[in-house]
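Coordinate-derived values only; no laboratory data. Given the structure is predicted, the values throughout are model-derived calculations rather than measurements. Cβ atoms come from the backbone with ideal geometry, glycine included; neighbour counts cover every protein chain shown.
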Ligand code: PA5
């Protein structure tokens with residue numbers, strides 16, 4: 001049972017028009033740009049039907065061609081993963097992931113996570129949200145067995161790859177010392193994504209050079225996470241990897257919905273995160289989605305408000321304004337989730353991540369005064385991880401801050417957020433607040449599952465299949481053809 005103060009909440013009052021008795025310029029603006037309660041209420045029957053359809057999609061094992069692809073496996077994945085771990089322990093998928101993570105943590109002080117798109121952004125979001133910001137710079141004892149984490153294979157940037165290889169070469173001299181060893185997690189569901197595959201080839205060659213071409217460490221410290229059928233799996237099998245050392249992204253879980261599969265859980269466990277708490281947060285959110293009425297259901301609320309804004313209120317730009325620097329990567333994860341899921345058939349909202357208050361000093365002007373094409377969802381964290389830092393009294397007061405010496409940084413941030421919302425509201429620009437109780441595994445588990453479920457609901461409301469990414473496939477095929485790996489799709 002989830003305690004109320006651990007639960008994520010979505011508040012959308014600032015996106016609603018106030019009923020006005022007399023005409024005022026603001027009332028007119030509100031009627032044009034904010035949602036009417038009546039319209040929201042009218043959507044509820046469709047919303048409930050959509051929820052029912054999504055719930056029953058979970059039972060479909062063999063989708064009809066018009067339903068395909070149907071990657072609804074992510075919905076029950078957290079529950080199934082925990083349940084199987086409870087029953088089978090070390091022999092479950094989570095048990096094996098934890099064992100592999102334990103091996104890496106024991107054996108190496110640096111882990112490079114390879115992967116791109118949905119096979120990268122979830123892990124990165126967890127790393128940035130839940131580890132200390134300067135984790136990689138901290139000395140070994142302060143990291144308490146947690147390796148430093150690097151991300152590569154998420155582009156084709158020659159110099160960034162070389163910088164990482166140079167750093168490893170300088171820092172890692174003696175392969176017999178744990179603190180000078182490095183390992184790799186290569187995440188690719190399809191197993192043939194060029195960016196990830198090319199980077200892995202380079203790291204495999206490096207591992208052969210550093211550990212020796214016959215060293216078992218080449219297998220033990222370079223761990224793939226991939227689909228049931230994939231060239232990456234074939235490569236590792238040919239290299240003698242046991243099946244247990246190749247964690248699986250299930251067939252019915254799409255890449256950008258895979259953060260609670262080994263694609264996200266293995267990096268998370270290596271980072272020393274509480275994977276059970278992450279999964280429990282996701283389970284709690286699924287339960288709320290399936291069982292709670294609209295008034296207590298953040299998934300339905302978020303999906304409905306944002307769907308109406310982009311489809312009916314001409315607000316195609318969706319800003320996720322995160323009020324913690326540590327959530328920027330989470331914002332980018334949502335950018336990809338939304339763009340790849342709903343950007344289809346000439347439609348779909350355009351996501352943007354803003355980090356506040358940083359971007360109030362860059363995008364703020366446009367959000368307040370530019371085109372009226374935006375819906376802003378703030379993401380707020382109720383309690384900071386560290387003790388609130390006070391402004392403090394000072395002998396010199398030319399900066400005039402002594403008047404607020406007892407205020408803390410969270411006090412200032414709260415004032416900034418309220419003020420930004422008020423400034424937007426004063427000119428009928430819609431905002432809503434997604435509030436996390438804290439930056440914890442449980443809260444991030446809730447948030448990520450909430451956004452995945454809401455994206456599916458929104459897709460179904462729009463009549464767009466949220467699964468699959470035919471647009472991305474097109475570029476991948478052209479690139480393979482351009483490199484002479486396959487025939488050009490345009491000529492076939
Ligand atoms: O989320 C998606 O579906 C894509 O962004 C994929 O994650 C990306 O293309 C990488 O695919 P794969 O995991 O097969 O290497």
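Each part reduced to its alpha carbon centroid, region 417-492 and region 23-57 end up 21 Å apart.
In plain terms, if you count all Cα to Cα distances in region 368-492 and split them into 5 Å steps from zero, the share in each step is 2, 8, 10, 10, 11, 13, 12, 10, 7, 6, 5, 4, 2, 1, 0, 0 percent.
When peptides 81-90, 478-487 are ranked by their average number of other Cβ atoms within 10 Å per residue, the highest-first order is 81-90, 478-487. Summary of packing: across the peptides 55-65, 365-375, the per-residue average of other C-beta atoms within 10 Å ranks them, highest first, as 365-375, 55-65. Cα-based values for region 129-268, radius of gyration first and Dmax second, are 15.3, 42 Å. Our note on the geometry: Cα centres of region 303-344 and region 60-136, 23 Å apart.
Once the Cα atoms are used to define both axes, helix 158-171 deviates from the longest principal axis of the chain by about 60 degrees. For region 359-441, the pair-distance distribution built from all alpha carbon pairs, in bins 5 Å wide starting at 0, is 3, 12, 18, 18, 16, 15, 11, 6, 1, 0 percent. Hydrodynamic estimate: the Kirkwood radius of the chain over Cα pairs, inserted into Stokes-Einstein at 20 °C and 1.002 mPa s, corresponds to D of 89 µm²/s. All Cα-Cα distances of region 17-80, cut into 10 Å bins from zero to the largest, leave 18, 27, 19, 18, 14, 3 percent in each bin in turn. The order of the peptides 447-456, 281-290, 137-146 by mean Cβ neighbours within 10 Å, most packed first, is 447-456, 281-290, 137-146. Diffusion coefficient of region 250-359 by Stokes-Einstein, Kirkwood radius over Cα pairs, 37 °C, 0.692 mPa s: 206 µm²/s. With one equal scatterer per alpha carbon and no solvent term, the Debye-computed log10 I(q)/I(0) for region 436-488 at 0.12, 0.18, 0.19 1/Å reads -0.53, -0.72, -0.73.
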